[in-house]
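The values are calculated or read from the model by the stated rules, or taken from the named source; none is laboratory data. These figures come from a predicted structure and were not determined experimentally. Ideal geometry is used to build each Cβ from the backbone, glycine not excepted, and the neighbour counts take in all protein chains shown.
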Amino acid sequence: VCFIPGGLDCSISFVSHVLGKVCVHGRQKEILSVLVPRLMDLTKSDCIWQRICWRLVECVPDRWMEAVVLGFVQRAPGADILSRLLGNLVVKNKKAQFVVTQKMLLLQYCHTTAVLQNLLGYLSLDSLRRALLIKALQELLETWGSSSAVKHSPPEQQQYISKAILICLSHLKEPEIESCRQELLTSMMEGVKCHLDSNLPQIRRLGMIVAESICSKINTDGPVLKFQYEEDDEARELKSLLVQTPPFCVVPSLSDDDRNEKADAALPLVLESNKKSCTAGPVMPDEESDAELDSDDDLIPYDMSEDKELKTKAPVYIRDCIEVLTGSEDVDKWEATVKALESLVRKNPAATREVSMELAKILLHLEEKTCTKGFMELRQRAQVAVLTTDPIPVAKYLTSQFYSLNYSLRQRMDILDVSALLFTLHFHCVFTKHSGTQKPCLQLLPGSDSSKDWRRIVDERIKSKTRRFAT
């Protein structure tokens with residue numbers, strides 16, 4: 001309920017419903033082309049009519065809010081007038097906030113530059129709405145820096161988002177830039193990489209222009225980023241958006257028919273400018289190309305004679321070793337893990353007992369990925385270390401697997417070799433416990449001459465059980 005001059009009270013909710021209904025049913029142009037100029041005159045110097053206008057749009061139901069807000073944004077001749085007509089509608093109404101900060105910026109790209117300037121200028125004119133301006137800039141930069149969005153969205157939408165980012169940057173104040181400087185720098189680095197990876201010259205140039213603009217905003221005193229591209233009307237128009245336009249000097253929005261005609265007329269110009277940029281890009285004056293080639297010869301190479309090659313760090317936990325041995329594609333890390341596994345098992349017996357069965361299975365099936373020196377010996381040492389740390393369950397597992405199917409002869413011989421080494425180590429431990437002459441020494445069996453006694457016993461058994469029939 002609003003109080004109007006003359007001492008009368010009135011409710012405008014019915015008028016709001018009528019306005020929303022008319023706009024959503026396609027008569028937006030007819031009603032707002034008359035209503036907006038009239039409200040502009042009434043609210044120019046009368047704060048009561050300003051409050052009536054605010055209540056008029058606030059009482060529009062959510063299901064019709066989009067059509068009303070879109071009509072006001074398109075037909076307001078400037079951001080200050082739009083702020084006077086809508087007030088803080090985007091702060092009070094979630095639907096209007098979604099339309100202004102999400103739908104018109106990220107989901108639609110048919111609006112003109114003047115509409116974008118109206119919209120973002122409206123957000124910047126009040127302290128309560130500036131938080132939404134910064135939030136909209138963050139979401140625009142997130143979309144601009146998304147490789148998926150760059151690949152799958154049309155060039156027209158990329159240009160629309162780039163314009164919105166530049167207009168947002170023009171409205172930022174120095175304290176706001178300082179508070180989000182690092183975030184702007186990170187977004188710029190991610191976004192320019194995605195754009196430079198594109199195979200479309202127009203997309204690459206958009207990325208260069210936006211990156212230069214962001215860099216000029218966050219580094220006002222230091223060196224600025226500079227790319228080489230053709231300076232045409234489109235590039236100059238984009239750069240001009242970085243200069244803040246006074247809210248009362250925004251170009252009036254066009255009617256629907258005029259907007260469509262201008263869009264149709266502008267499309268061949270955009271295509272023609274793209275063709276020019278594509279054809280003019282590779283062409284370079286001979287003097288400039290020679291200068292670029294000569295400039296590379298002036299660079300002094302760094303002295304790298306004393307540089308040491310960085311070694312891959314081995315894992316420090318048993319479970320990390322299991323992950324590397326089973327799924328890692330990093331060959332250097334895999335080799336470092338194989339070399340460090342034995343000492344790691346002996347240093348962490350408690351952790352080894354928790355995963356001893358899994359580790360024994362991995363080592364039994366482990367194949368050499370690289371030409372690691374002494375791989376067979378390293379694997380055998382690790383198997384003996386696991387068997388020594390947790391002998392009963394690991395020994396049961398190995399003996400049960402010896403007669404199982406789908407095992408190669410090499411794997412069966414590994415089981416025998418590891419068992420023999422364990423018995424040898426145990427014998428040395430028992431012997432030195434009684435004699436005290438020398439410390440136990442683990443003598444690994446070579447891969448070629450390993451287990452001669454076992455081989456002799458197996459050969460004798462085969463020979464004794466073999467029957468030969470003479471013809």
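Annotations for the structure displayed:
- One residue alone among Val36, Val18, Val73 is on the phi < 0 side of the Ramachandran plot, at pLDDT 90 or above and out of contact with any Phe, Trp or Tyr (no Cβ under 9 Å at 6 or more places or on another chain), and that residue is Val18.
- Scanning the stretch 86-106 for residues that are over 16 Å from Leu128 (Cα atoms) and in contact with a Phe, Trp or Tyr (Cβ under 9 Å, 6 or more places away or on another chain) turns up just one, Leu105.
- When residues of the stretch 332-353 are limited to those that are in contact (Cβ under 8 Å) with a residue 12 or more places away in the chain and over 17 Å from Arg381 (Cβ atoms), the one surrounded by the fewest Cβ atoms within 10 Å (Cβ to Cβ): Asp332
- Among the candidates Leu378, Leu405, residue that is without any contact (Cβ under 8 Å) to a residue 12 or more places away in the chain and among the aliphatic types (A, V, I, L, M): Leu405
- Among (1) within 23 Å of His25 (Cα to Cα); (2) touching a His at 6+ places or on another chain (Cβ under 9 Å) - the single one Gln102 does not satisfy: (2)
Every residue, every condition in (1) in contact with a Cys (Cβ under 6 Å, 6 or more places away or on another chain); (2) closer than 20 Å to Lys95 by Cα; (3) exposed (fewer than 12 other Cβ atoms within 10 Å of the Cβ), yes or no:
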site: Met40; (1), (2), (3): no, no, no
site: Ser45; (1), (2), (3): no, no, yes
site: Ile48; (1), (2), (3): no, no, no
site: Cys53; (1), (2), (3): no, yes, no
site: Trp64; (1), (2), (3): no, yes, no
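- Residues of the stretch 367-415 that are over 44 Å from the mean Cα position of the chain (by Cα), surrounded by 14 or more Cβ atoms within 10 Å (Cβ to Cβ) and under 12 Å from Ser356 (Cα atoms): Val384, Leu387, Thr388, Thr389, Asp390, Val394, Ala395, Tyr397, Leu398.
- If the condition is being over 17 Å from Asp330 (Cα atoms) and either touching a helix residue (DSSP H, G or I) at 6+ places or on another chain (Cβ under 9 Å) or in contact (Cβ under 8 Å) with a residue 40 or more places away in the chain (or both), then the stretch 354-373 contributes Glu354, Val355, Ser356, Met357, Glu358, Leu359, Ala360, Lys361, Ile362, Leu363, Leu364, His365.
- Residue check for Lys95: under 20 Å from Pro61 (Cβ atoms) and in contact (Cβ under 8 Å) with a residue 24 or more places away in the chain: yes
- Which listed residue, of Ala136, Ala164, Ala114, is closer than 22 Å to Leu89 by Cβ, small (Gly, Ala, Ser), over 24 Å from the mean Cα position of the chain (by Cα) and modelled with pLDDT of 90 or more: Ala114
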